[in-house]
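Before any comments, here is the structure.
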Amino acid sequence: MNSRYIEKEGARSRAFDAIWANEIDAVFDDVASYYDRANVFATLGLLGHLRRSFLSTIEVHPGDKVLDVCAGTNIIGIDLLKREPSLDVHAVDRSRAMQEVGGRVARGHGFHIKSYIGDVHRLPFADNSFDVVTLQWATRHLRVLEVLSEINRILKPGGRFYHCDMLKPANQLVEKAYYLYLTACVGLISWAFRSKAAALRCRRYFVDAIRLFYSTDEFSRLLTELGFESVAGKSVLLGTVAFHQARKP
């Protein structure tokens, strides 16, 4: 493993371990009821387009066993089931409140998604279990080396991994403007949706989590370092968001 990634993850842990351990659960319990609406607001109405673009990168076959990591409100799993109802879709998330919302939404569409509540850094599944794993809008809140290694472990040989998240822009001018936008946006969302204390305390964290994260190319190289192959990354919105896909050898 390249020492650069180990050093970066060490810096992220030193900066955020206390928040990840003591605050983040309460934040997502707070935002669960308005999470999807807040994301539409934060992306200036582009969330649906981003989701459709991400879904277009995901290859599924009839009967595939799919795991959505940090599944939140199950939007991706539901959309995949709409495309291919024979999928065996599982969801894992540390937030029970988010999964309760996601379960209701899935049942409203007539789908059953098997839900697991727990730490995604230690996935409760056997080696070589899944044909497809997805992870979106959450990696910046995780210990990346651990969760990606776990995803590699549970994928079947030839299994496919699909990732989407907000990333650190490679262009420094875009990066500076992006942080200003995020700072203003987080403040507006906190006010508009009447966020509670935990979410208010973490307003700066949501910007710093991007500041200490990876660019599109850095994340591609990290996937390769961790043993994935056929890695491809695509930046959108000036590098503020990226889609990645990779395979397990």
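Some observations on this one:
Quick grid of which residues meet (1) closer than 14 Å to ALA138 by Cα; (2) touching an Asp or Glu at 6+ places or on another chain (Cβ under 9 Å):
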{"residue": "HIS61", "(1), (2)": "no, yes"}
{"residue": "GLY72", "(1), (2)": "yes, yes"}
{"residue": "LEU80", "(1), (2)": "no, yes"}
{"residue": "ALA97", "(1), (2)": "no, yes"}
{"residue": "GLY103", "(1), (2)": "no, no"}
{"residue": "ARG107", "(1), (2)": "no, no"}
{"residue": "LYS114", "(1), (2)": "no, yes"}
{"residue": "ILE117", "(1), (2)": "no, yes"}
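- Filter result for ILE75 (over 24 Å from LYS248 (Cα atoms) and buried (at least 21 other Cβ atoms within 10 Å of the Cβ)): yes
- The stretch 150-208, subset of a type in the set (Val, Ile, Thr) and over 30 Å from PRO124 (Cβ atoms), residue farthest from the chain's Cα centre (by Cα): VAL174
Read the figures in this text as sums done on the coordinates, not as results from a lab. Owing to the predicted nature of the structure, the values given are computational and were not obtained by experimental measurement. Positions of Cβ are generated from backbone atoms using ideal geometry, with glycine treated the same way; all protein chains shown enter the neighbour counts.
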